[in-house]
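Single-structure report; data block below.
We did not get these values from a lab; they are worked out from the coordinates using the rules stated. These numbers come from a predicted model, not from an experiment. Glycine gets a Cβ as well: all are built from the backbone with ideal geometry, and neighbour counts include every protein chain shown.
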Amino acid sequence: MYDFAANGDEIERVFISKLGASDITNIIIGTGSATEKSAQIFVYDDEQKPEPQYLGTYSAMDVTDINNDGENELLIINNNPEGNTAQLKWLDQNNTLVSGPVLNLSENSSDIAQMIYGRLSDNITAVYLDSYINTNTIITEILKPVANDNGTLTLTSVNADNIESPSVNRTMRKSYLISRDIDNDGIIEIPMNTVFKGYEDKPETEQIYMTNWYVLENNMFVRKYSSYYSITDGYAFMLPEKWEDKVTVRSSNDDIIFCSYDENPDKHTELMKICVAGSSEAEKIMQEKEYAAYEQIYSFGDTIYLACLPDNGSNPLSLSPSEILFNFKIIS
């Protein structure tokens, strides 16, 4: 048994893991308060009392094999008035703590929204860091591991080569648009909003947004998907390629209606409706005469997702039921 006094009001994180080339299992404990978190590492040894080593303060911390070499590293992200930084730490074969070079991050960010991992096109695992600029706004920074000239592992920022694409400063967006692997392929998508066709000159309160999902491929940001993304109802509908620049969206009561676009709204042709309801309400909706064409496409807990396809099968923009299911994504 061993007791020690820790800083702060609570234990915030605990990791039990080997680090680096050392065969010794370590206990890493993060403690903190509302204003500051700090970490200590205990190199566990059966023969003697574990002595804590101070790792410094952190805003986010994780144990991960960042370079996929079979050895874990400790990733520490810091947001503080002295500067925002990222750093890797590990133990060498002599159980000595090694600190990699410090990477300076964007000066604009104030706190971490989330930290996730995703594969880049060169099969390297990268850290996607969503950080708050203010309460309602975030940016994304992408960090990847590299070995410097003396072989020490370090982190470096990944920036896109195409200027017109969302680089770090241009990934600024609403804070609910967090990065995610929306199609579960191991590659992270970064969401950015634009308005659907026909809403460009509308007041902001009347606009309906299209969410475009970007991935980093060969140092270029590429739009992978466009979608209607409902934060409230927890789903995204990916727009099929044949709908590109030809479809807009409007809302009516609880329905989201996808229409072929025309400058004259009276010439819009309905292509699909989506309605979200609780299970008991969904049963009533499917039994009501005006909703008779609605069918359940997905359920998540007590939430039922319904879709309606108008009878316009000759329209080249019409979708089949299988196309609807393929393009419908639950966002949990």
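Between Asn108 and Asn150, the modelled label-to-label distance comes to 3.5 nm, taking each label 7 Å out from Cα in the direction of the beta carbon. If you take all other residues with their beta carbon under 11 Å from the beta carbon of Arg180, and give Lys and Arg +1 and Asp and Glu -1, the sum is -3.
Take the Cα radius of gyration of segment 1-104 and divide it by 2.2 N^0.38 Å, N being the number of residues; the result is 1.06. Residue-wise HN-Hα couplings along segment 238-254, as the Karplus relation 6.51 cos²θ - 1.76 cosθ + 1.60 with θ = phi - 60° gives them from phi, are 6, 6, x, 4, 6, 8, 3, 6, 10, 10, 10, 9, 9, 10, 8, 6, 9 Hz; Gly and Pro carry x. In this label model, Ser175 and Ser17 are separated by 2.7 nm, measuring between points 7 Å along each Cα→Cβ vector. Taking 20 °C and 1.002 mPa s as conditions, the chain diffuses translationally at an estimated 93 µm²/s according to Stokes-Einstein applied to its Kirkwood radius (Cα pairs).
Comparing segment 271-332 with the 2.2 N^0.38 Å rule of thumb, its C-alpha radius of gyration ratio is 1.15 (two decimals).
Taking the average, over residues, of other Cβ atoms within 10 Å as the packing measure, peptides 16-24, 70-78 rank 70-78, 16-24 from highest down.
May I ask which of Lys174/Lys197; Lys18/Lys224; Lys49/Lys144; Lys89/Lys174; Lys224/Lys267 have a Cα-Cα span longer than 26 Å here? Pairs exceeding 26 Å: Lys18/Lys224; Lys49/Lys144; Lys89/Lys174; Lys224/Lys267. Site pair Asp255 and Ile231 shows an inter-label distance of 2.7 nm when each label is modelled 7 Å from Cα along Cα→Cβ. For segment 54-211, the dipole from Cβ point charges (+1 on Lys and Arg, -1 on Asp and Glu) about the Cα centre works out to 280 debye, to the nearest 20.
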